[in-house]
Each structure stands twice: as C-alpha cells, then as structure tokens.
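This report concerns only the one structure given below.
Derivation of every value follows stated rules applied to the coordinates shown; laboratory data play no part. These figures come from a predicted structure and were not determined experimentally. Backbone-built Cβ (ideal geometry, glycine too); neighbour counts: all protein chains shown.
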Amino acid sequence: MSDFDYDLFVIGGGSGGVRAARVAAGETGAKVALAEEDRYGGTCVIRGCVPKKLMVFASEYADMVDDAQAYGWDIQPGAFNWPTFRTKLEDELDRLEGIYRNLLKNSGVESFDQRARLVDPHTVELADGTRKTAKHILIATGGRPVKPEIPGAELGITSNDIFHLDTLPDSILIVGGGYIASEFAGILNGLGVQTTQFYRGAQILRGFDDEARGLVCEEMCQNGVDVHLGTNVLEMRKEGDKIWVKATNGDERLFDQVMFATGRVPNADDMGLEALEIARGRKGEIVVDQYSQTGVPSVYAIGDVTDRVNLTPVAIREGMAFVETVFKGNPTAPDHDLIPTAIFTQPEMGTVGLSEEDAAEQEPIEVYATSFKPMQQSFAGRAARVLMKLVVSQKTRKVLGCHIVAPGAGEMIQLAGIAVKMGATKEDFDRTVAVHPTMSEEMVTMKAPVRTA
Ligand code: NDP
C-alpha cells in the first residue's frame, strides 16, 4: 500500500498531460489524478492546432470556387458567414473536449477542474485548498501567447482570442513572422479580411530553409497578404472604432484589429516551483533532463512548459517516454531528432531535417530542387508555384533535409519523414518509382544537383 493518495498527479490536461495520465492509469494500473483549470484538450485542441486547421479549411473554399469555374462548373461564390462557422467550430471543440474527458474517465483517472500548484515534492494544492499527495508529479501546463511591451499593446488580440471574435474585422494587422503569424495571415486573407503582416526580420519563418520560406512569402503576397518585412509596431492607440498603428518605417495606419503572434512563454509562474528550487531557464521554462525529470526527483515536466520542441506530437512522445521510464521501469528519452513538421500557411510548407543553410555549415552538400506550377492549379489558370527540395550529404549521400512548399505539403512530409528518419540516401529516393501524375513524384526524379555547397 502506497503512503500517497496517488501514484501520479498530473497538472495540465493538454495533449501531453492527458496522454501521460491515461497511459499510466490504463496500461500500468497506476492510481492517477489530473488537474486542469481551463478546458480539457489544452492549446492544441481548444485554441491551437485543431481550430486553426479548421479555419485553414474554411479559408481555402474561396479559391476553390474560382478553380471549379475554371474546370467548367457553373457555380458562383457566395459570402462567408463567420457566425455559422464559429458556432459549428464551438460545437466541434465541445465534442473533442468531451472525448478528452472521457478518455481520462475510462482509463480510471480522477480529474479535478481546478488549478493546482506544488507545495512540496509529493504534494499539490488545488485552488479550493484541498491537498493531495502523489509519489510522482508531472507538470504539463503548456504555454501562452505574449504581447510585446509597446504603448497600446493591450488593444491587440492574440491567437487565443481570434476564435471568439463576434464579427470578422474588415482589416487586420498581424504582428510577427513565426508559425502562428504566417498561418493566420493566410487564414484571414482567405476569409476576405484585408490582411497586413509586419515582421521585424528580413524574411518570415526564421530558422526554416531560406528558399522554402522565400517561396511561401512570395506566394502569400501573390494571394493578397500585404507583407511588410523589416517592419515592427512602434505604438498603437484607439481612434474611433479603429486602432491607429505607427510602424517603425514611419507609416501610420488604421486597422480594425491587431493580432500579436510574437511568441509564446511557458506556463510555470505561481506554481510553487521556486520554493522547491526547481530550476527555470531564460524564457521561464522548467529545466528537465533527457528523461523529463526536474532537479526534484519526484517532479517531472513535459511539453511546451519545458520549451524543448513545442509541438503537440512531441509533448505526447515526451508523455509516453515519461510513463515508460517511471511506470514501466524502462528508461526512455524522447527522441527530438529529425522531427517532421508542417506550417499551414497558404501555400503549406512541410519540412524535415536541416535547412540548406544549416546543412552547408555542417558539411559539403548537394542541393536538388525543382519549382513548378502544379497541374491542378495551372489548369485553373493560377500562377502559383510549388517547391520540392532535397539537401544531400556529399559524403554519406544521406538526405539531410527535405523541404516541400505545396498544397498538401503536411501530408507529404509525414511520409518523406519516415525515409529521412531511416537514413535514406539520395539513391534510395531515386530507386523509388514515381507515382504519376503527382507533385511529389518530383522527389524521386531530380537527376542533377542545382548547386553544391
Ligand atoms: P515563434 O517563436 O515561432 O514566432 C514569434 C514571432 O514573433 C517571430 O517572428 C519573432 O521574430 C516575432 N517577435 C518576437 N518578439 C517580438 C517583438 N517584441 N516584436 C515583434 N515581433 C516579435 O512563435 P509563434 O507564436 O508563431 O509560435 C509558437 C510555437 O508554437 C512555435 O514555435 C511552434 O513550435 C508552435 N506552433 C506550431 C504550429 C505548427 O506546427 N503548424 C502552428 C503554430 C504554432 P524573430 O524571428 O525576429 O524572433
């Protein structure tokens, strides 16, 4: 008989926390509890990946009507009805939250709908003052968006608010050049909002392959997003119904709405970490070792609160590795190498491995790339181009990086990711017969490098 109320107490009911809790309870018979102060499902399900992707789908229909006309369909575009979509979206999120709650319940996890903080290495205190003890505590509290400290920033919204707007604005300024800013620029532009994006750097999507992000930006501009590079907001204030914005380039403009997508910070404040001397990093993230263990042996942390690779599937992997390590006696470090990922910009980008620039710094490389107008869009009279690119080691012939900018790039990179993760060489790609006619067949038919570096 354990001296504790539970074998595991999880704080945070997002992707990572829910997975760890239900696998620990369901597969190892551990007695598990979980506390969540907000909605179950966390950022991904409630205010991130899932509603975002549904908005991407919604925003893509405008162009589909034009394309259908080009293919001979006698149909006319109608108007997008935001309240209709938002109501359906809310229903869908309610349904998904219900599934998350049931997953926990059916695995025997006891849940508490309140905030929890640590009192000592084996005790958490719930918001109502109840204390619970556990042999292990897992912190999976995720992150939240932050606004920059500029005058008037409180007038702007973040990605958390965008799903709840009563009406879609006529015009919006999106500040930032990361995943969230670039994805929402495409979404809002597609939904008919006059969209401007300010990014302080030289090119959006910093850190990704230069050629790929250059094409994404070019196509976003072609699609109507007014992208201003090397530009930031200096100050903002209310002017009538609108928000007056002064930019670093001297421009002054009015927008109906301003959305900041200027990064996220870990949710680790006011959790009792300092009293336990649990170390935090520069961004406030909880510092953990390769097994997600903090400096206090009974306390672990996974997901965005640890600011390793902030992606849902990674948090889930970290949760599974935690259960494997702590409850199955099989020390397992989550593998953060060669993680395929997609950015749901329009056009979409899928990527795995090193950018050309990073690979060239590491070793001599060959670059295979092709950019072309895909059949489906070209027939419809669109000028949009796609990119297929492989970065190959000259020495080992291994594909070090694969970058795709194309409709469906997220779906493609999942599969290309398997080959790259297995260590496939360029010659392995070449030995694979093309699937014709597709866009991705170019991945196995690129004969000569476009350059070496
Ligand atoms: P990112 O860190 O990716 O991007 C933040 C952006 O804001 C950068 O362009 C940054 O510029 C800019 N910025 C930061 N501070 C300021 C400032 N003070 N003024 C102006 N600009 C500023 O954060 P996101 O919020 O876009 O995304 C957070 C994380 O969420 C991502 O890293 C990703 O892991 C995850 N995510 C994944 C998605 C997916 O898989 N499709 C989708 C959405 C999010 P600079 O480049 O100069 O630093």
First in region 41-52 and within 17 Å of A342 (Cα to Cα) and within 8 Å of the ligand (Cβ to nearest atom), second anywhere and in a helix (DSSP H, G or I) and charged (D, E, K, R), Cβ under 7 Å, 6 or more apart:
K52/E183
Would you be able to tell me the number of residues in region 334-353 that are under 22 Å from Q290 (Cα atoms) and part of a loop (DSSP other than H, G, I, E, B)?
7
Any residue that is assigned to a loop (DSSP other than H, G, I, E, B), within 16 Å of the ligand (Cβ to nearest atom) and either surrounded by fewer than 13 Cβ atoms within 10 Å (Cβ to Cβ) or basic (K, R) (or both) - is there at least one of those in region 283-291?
yes
If I ask for residues that are closer than 28 Å to F372 by Cα, surrounded by 19 or more Cβ atoms within 10 Å (Cβ to Cβ) and within 13 Å of the ligand (Cβ to nearest atom), which ones from region 199-247 would you list?
Y199, I204, L205, F208, R213, V216, C217, V227
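Yes or no, residue by residue, for (1) more than 16 Å from the ligand (Cβ to nearest atom); (2) over 23 Å from the mean Cα position of the chain (by Cα):
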position	(1), (2)
A342	no, no
T351	no, no
L354	yes, no
E361	yes, yes
E366	yes, yes
F379	yes, yes
A384	yes, yes
Counting only residues that are free of Cβ contacts under 8 Å to residues at least 60 places away in the same chain, give me the strands (runs of 3 or more DSSP E) lying completely in region 168-282 with at least 1 of them.
194-199, 226-229, 233-239, 242-247, 252-255
Could we say that D38 is assigned to a loop (DSSP other than H, G, I, E, B), among the acidic types (D, E) and surrounded by 14 or more Cβ atoms within 10 Å (Cβ to Cβ) here?
yes
Can you tell me which residue within region 126-176, out of those that are within 16 Å of the ligand (Cβ to nearest atom), surrounded by fewer than 23 Cβ atoms within 10 Å (Cβ to Cβ) and farther than 30 Å from V18 by Cα, is nearest to the chain's Cα centre (by Cα)?
P148
Hey, can you tell me all the residues within region 292-323 that are within 13 Å of the ligand (Cβ to nearest atom), on the phi > 0 side of the Ramachandran plot and assigned to a loop (DSSP other than H, G, I, E, B)?
D307
